[in-house]
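Each remark here refers to the structure printed beneath this line.
All of the numbers you see were taken from the coordinates with simple rules; none came from a lab. Please read these numbers as outputs of a predicted model, since none were measured by experiment. Here Cβ is always computed from backbone atoms with ideal geometry, including for glycine, and neighbour counts include all displayed protein chains.
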Amino acid sequence: MKLFYHIFGYLLLGMIILIVTDEYLSFHAEVKQFEADMVTNAVQNGNSISGMIAHVWRESGEEKALELIRDASSSGTIDIRWVWADSFPDNSMMAGSDKEQLEKLTLQETTTLKIHDKRGEILLYTYVPVDIGLNRIGALELRQSFTALELYSGRMLTRAIIITAFLAVICGVILYLFINNKIRVPLNRLTSQAKRIGQGDLRVETDIAGNDELADLARTMNDMCSSLIIAKEKIKFEYDARLKTLDQLRHTERLSTFGLISAGIAHEIGTPLNVVDGRAKMIINEDLRDEEIKECAAIIKSQAERMTLIIRQLLDFTRRPKQQISKENIAFLVKQIFQLLHPMASRQHVCFSFNRSEDAEVELSVDGSQIQQVLINLLMNSVQAMPDGGTVSVNITNEMLKAPLKADQLPQKYIKVRIVDEGEGICQEDIEHIFTPFYTTKTVGTGTGLGLSIAHGIVEEHSGWIDVENSIRNGACFSVYLPMKENK
């Protein structure tokens with residue numbers, strides 16, 4: 001209910017300011033009216049008794065008139081006394097700032113003064129001149145206290161406090177019920193739905209009745225969830241289609257590579273077939289001893305096993321296996337690829353060289369068939385880059401590195417497979433586009449332009465990368481980096 005406390009605090013502050021302003025203006029108006037009433041009352045009282053005092057003074061003398069003044073003072077709420085202009089003022093009880101006002105007073109006309117005494121009390125003095133038929137000027141002094149005004153001010157303050165408290169309680173209850181029912185409960189439901197959306201739960205469950213902004217927000221969030229569900233299904237469909245297309249492209253590239261490899265293997269299979277044919281003819285056409293027949297059968301068997309091994313390697317390469325992560329020995333995988341590519345390489349007088357650092361670890365969790373496709377593509381490129389023969393060197397080492405696009409990542413251990421040929425190298429313009437799909441510098445019929453692109457994608461899927469540069473011997477150098485630990 002933080003929102004309630006904020007709104008109630010501001011509302012209460014506004015009410016206090018409003019009430020204080022109203023009471024302040026009302027208080028000043030009442031004070032002015034109260035003072036005006038006191039002055040009017042004093043003047044009326046003074047004028048009403050001044051004629052009587054003058055008459056008594058003339059008829060009965062000074063003592064009788066002063067006695068009458070004392071009786072009027074004691075019987076009313078106003079203190080009344082007689083003052084003479086020649087002996088006025090009697091200012092011993094007045095504050096210093098008010099003495100000058102009394103000294104300037106002539107008592108020749110009705111005058112009202114607000115004066116502070118030495119105790120700090122505010123007093124209203126009204127002077128009404130009285131004509132007693134003498135050369136000496138006298139007047140009635142009517143004194144009134146502002147005690148009643150102070151009591152009135154206290155009552156107004158108490159009233160303001162009580163009104164503020166009642167308004168605060170009433171507004172607080174109404175505001176609490178409104179915020180709880182119309183804001184807090186709907187907001188909690190919207191917050192819960194937002195958290196579910198953040199966790200991937202896009203079910204449309206929030207239904208807030210009404211036509212206010214929160215109801216509109218709930219409907220908007222429901223519409224958003226529906227749109228996200230549709231978009232999620234569309235993305236899933238497109239992602240599955242992309243994976244299917246990518247898998248098809250990879251398989252197509254494998255078949256293309258298979259065609260190139262088969263051209264070299266055809267000659268490799270021809271030799272054992274000739275041996276099998278010759279030995280079979282000897283058994284059929286010649287009169288051989290049992291030992292010679294057994295020897296021919298053993299030779300036929302060994303040559304058949306040789307051809308079976310070659311064909312099995314080709315079939316394993318062209319098969320489209322499901323992605324399966326397992327422990328693979330990269331060194332053993334490279335040697336298998338050497339055997340598979342040997343017929344093709346020997347036709348171009350290319351030989352393979354393998355070197356592994358003594359302390360290099362070569363086992364890691366990968367999809368063996370996919371990494372095999374990567375290495376076959378790179379090694380075939382190296383072989384095709386040397387039409388006049390040469391050596392393709394493969395080196396395996398371990399290095400502690402940071403991923404190129406993850407500068408904030410801590411260094412980790414990688415297997416580095418470095419493939420170097422002795423060809424003419426790659427020009428700088430081609431290096432920038434070498435991993436672009438369908439980009440190739442080979443002649444028609446020798447490449448699809450997908451090999452390096454697919455190899456690059458496979459290595460990235462394994463959280464690694466491929467670097468390419470020209471070696472010191474002017475050949476091309478491809479370095480494949482694969483992390484030793486599986487990224488989670």
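What to note about this one:
- For the pair K402 and W84, the difference between a 0.36 nm per residue extended length and the Cα-Cα distance amounts to 103.5 nm.
- Residue separation of R155 and S26 scaled by 0.36 nm, minus their Cα-Cα distance, works out to 45.2 nm of gained length.
- C-alpha center-to-center spacing [the stretch 368-434, the stretch 105-124] in angstrom: 110 Å
- Value in Å of the Kirkwood radius, where the stretch 130-213 supplies the Cα pairs that are averaged: 19.8 Å
- Alpha-carbon centroids, the stretch 218-235 and the stretch 280-295: separation in whole Å: 79 Å
- Among S75, S302, S393, a tally of other beta-carbon atoms within 10 Å of each Cβ gives an order, fewest to most, of S75, S302, S393.
- Under the Karplus curve 6.51 cos²θ - 1.76 cosθ + 1.60, θ = phi - 60°, whole-Hz ³J(HN,Hα) for the stretch 282-287, x wherever Gly or Pro sits: 4, 5, 6, 9, 10, 8
- Fully extending the segment from A209 to I299, taken as 0.36 nm per residue of separation minus the present Cα-Cα distance, adds 23.5 nm.
- The loop-placed trypsin sites (Lys or Arg not before Pro) in the stretch 322-423, going by DSSP, that have at most 13 neighbouring Cβ atoms within 10 Å of their Cβ come out as K322, K402, K406.
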